[in-house]
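Heads up: the structure comes next, in structure tokens.
The values are calculated or read from the model by the stated rules, or taken from the named source; none is laboratory data. Here the structure is a predicted model, which is why all the values come from computation and not from measurement. A quick note on method: Cβ atoms are made from the backbone with ideal geometry, for glycine too, and the neighbour counts reach across all protein chains shown. Remember, those area values only see protein heavy atoms, side chains included, never the ligands or the DNA or RNA. Shrake-Rupley method; radii C 1.70, N 1.55, O 1.52, S 1.80 Å.
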Amino acid sequence: MIFDREVETLPRESLRELQLDRLRALVAVAKERVPLYGERLADVEPGDLSSIDDLRHLPFTRKDDLRAAYPFGMLAVPRSQLVRVHASSGTTGKLTVVGYTRADVELFARVNARCLAMAGAERGMMLHNAYGYGLFTGGLGIHYGGERLGMTVIPVSGGMTERQLMLIEDFRPEMITCTPSYALTLAQAFAARGVAPNEISLRYAVLGAEPWTDAMRDEIDAGLGVASSNIFGLSEVIGPGVSCECVEERAGSHVNEDHFLAEVVDPETGEPLPEGEDGVLVFTTLTKEALPLVRYWTGDISSLSSAPCACGRTLLRMARIKGRADDMLIIRGVNVYPTQVEAALLQLPELTPNYRILVARSGTLDEAEVEVEVSEVFLREAGTESLSGDLDHVRELRERAERRLQGSIGCSLAVSLRAPGTMPRSEGGKLQRVVDRRALR
Ligand code: AMP
Ligand code: ZN
């Protein structure tokens, strides 16, 4: 089902015209109402923008700009016109605060209704929403989207896994929304109870808020008996609902481009990159009232594609997020994203998606270790619970995993095998995959 059929299938030329009109209006409003843009866009007249490509001449907005204006200094409306505030926690203490007018909340609902519909939702279906409610945008964003589409929304929020299973078994929802790491926690909890995937009522899952891989998707789909789609968003741009995969192809997420104009730029030079090339995602909000952003530098690494899609939407698709530019580990000079490690590990059926990466420095040398849980089947077939490195089959698996990582990443990472159930699990929120002890020194 296509929620906003007309815009979601607009010929690309018409879409670009619509974007240009909106961009001009945005520049005018931002200059007039936001002091930062009054300065930075002083030389830019809306009428000077003759095509969407002129966007490349405008300056970027960065997270530091929002921090400097903390909490409400970037608003284009008086604070009293906000009907809601959300915030995102960063690594450096202060929150990134975002605000919504009534119209922004309606937009937030609309783009999420579109995303849920892309992923297979229909009016009347039941949605088990296990994204966290609160300052985090995930819970309420999806909630309003589900209601807007006409679904029955169960606002479970994250955590209390046993209660989640009970509600799913009793209410029989068709769709679930949460982080991919929590979807895996739920799948494992069902398996531990002896509930088979085909006994679970869920048919679709809409998962996001953290990087994940296709290999992880296969595990989740098999474990919950669903087709899961990747949803992407960030608080600064609106929250979830920026883009989502359609259930027809599940190969890249359609960007709601009539509201969020997407670019991919070179992380070093800031120059726009051609389709298909990886770089930093940059979004311009075309219709937001409270917090309009011009060329917001997300730090997320992805690429764009305008290839036609089986679902009929003409909206650009963005590839899975490889990681954040600031998530990227540089290990002995090699750039490593956690998702690359995940993809390499999951090529071995003996390993599971329960892993984390520990980085430390010994002297001047970076040392990286990957801890990963082996599967129950591996232990059963070995006939012993022991993972001692003295055992041949344990050493063989460890060495095979290390060769696989070396082969696909080009950097040696030591592998430690862990018993099933011993690694940290998602309790409902985003899972921390990397422990970088170099920063602690
Ligand atoms: P927040 O504003 O706290 O919700 O965090 C937004 C960030 O979460 C994004 O900039 C991405 O780094 C990450 N994120 C959100 N959705 C996804 C996704 N589907 N895949 C990968 N990373 C994601
Ligand atoms: Zn599609």
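The angle between the Cα long axis of helix 180-192 and the longest principal axis of the Cα atoms of the chain comes to about 40 degrees, rounded to the nearest 10. The residues of segment 329-436 have, on average, 48 Å² of accessible surface per residue, using a 1.4 Å probe with all protein chains present. Can you give the angle from 0 to 90° between the axis of helix 392-409 and the longest principal axis of the chain, with both taken from C-alpha atoms, to the nearest 10? The angle comes out near 20 degrees. Helical content alone sets the calculated 222 nm signal of the chain at -9500 deg cm²/dmol, taking -39,500 (n - 2.57) per DSSP H segment of four or more residues and averaging over every residue. The accessible surface of the chain, taken with every protein chain in place and a 1.4 Å probe, is 49 percent carbon and sulfur.
Would you mind getting the accessible area per residue of segment 1-324, heavy atoms of the protein chains only, 1.4 Å probe, in Å²?
On the way: 12440 Å² over 324 residues.
Roughly 38 Å² per residue, with all protein chains present.
Determine, at each q value in 0.19 (inverse angstroms), the log₁₀ of I(q)/I(0) that the Debye formula gives when each Cα of segment 329-436 is one equal point scatterer. Rounded to two decimals, the profile gives -0.98.
Overall shape: oblate for segment 45-114, with the ratio a/c of the largest to smallest alpha carbon gyration tensor axis at 1.5 or above and b/c at least equal to a/b. Taking all C-alpha pairs of the chain, those more than 28 Å from each other amount to 52 percent. Among the cysteines of the chain, those with no neighbouring cysteine Cβ under 4.7 Å are 178, 309, 411. DSSP beta bridges confined to segment 1-324 are antiparallel in about 65 percent of cases.
Among 181, 412, 157, the order of accessible area from largest down is 412, 157, 181, computed with a 1.4 Å probe on protein heavy atoms.
Against the main long axis of the alpha-carbon atoms of the chain, helix 161-171 sits at an angle near 70°. With one equal scatterer per alpha carbon and no solvent term, the Debye-computed log10 I(q)/I(0) for segment 186-342 at 0.14, 0.20 1/Å reads -0.76, -1.28.
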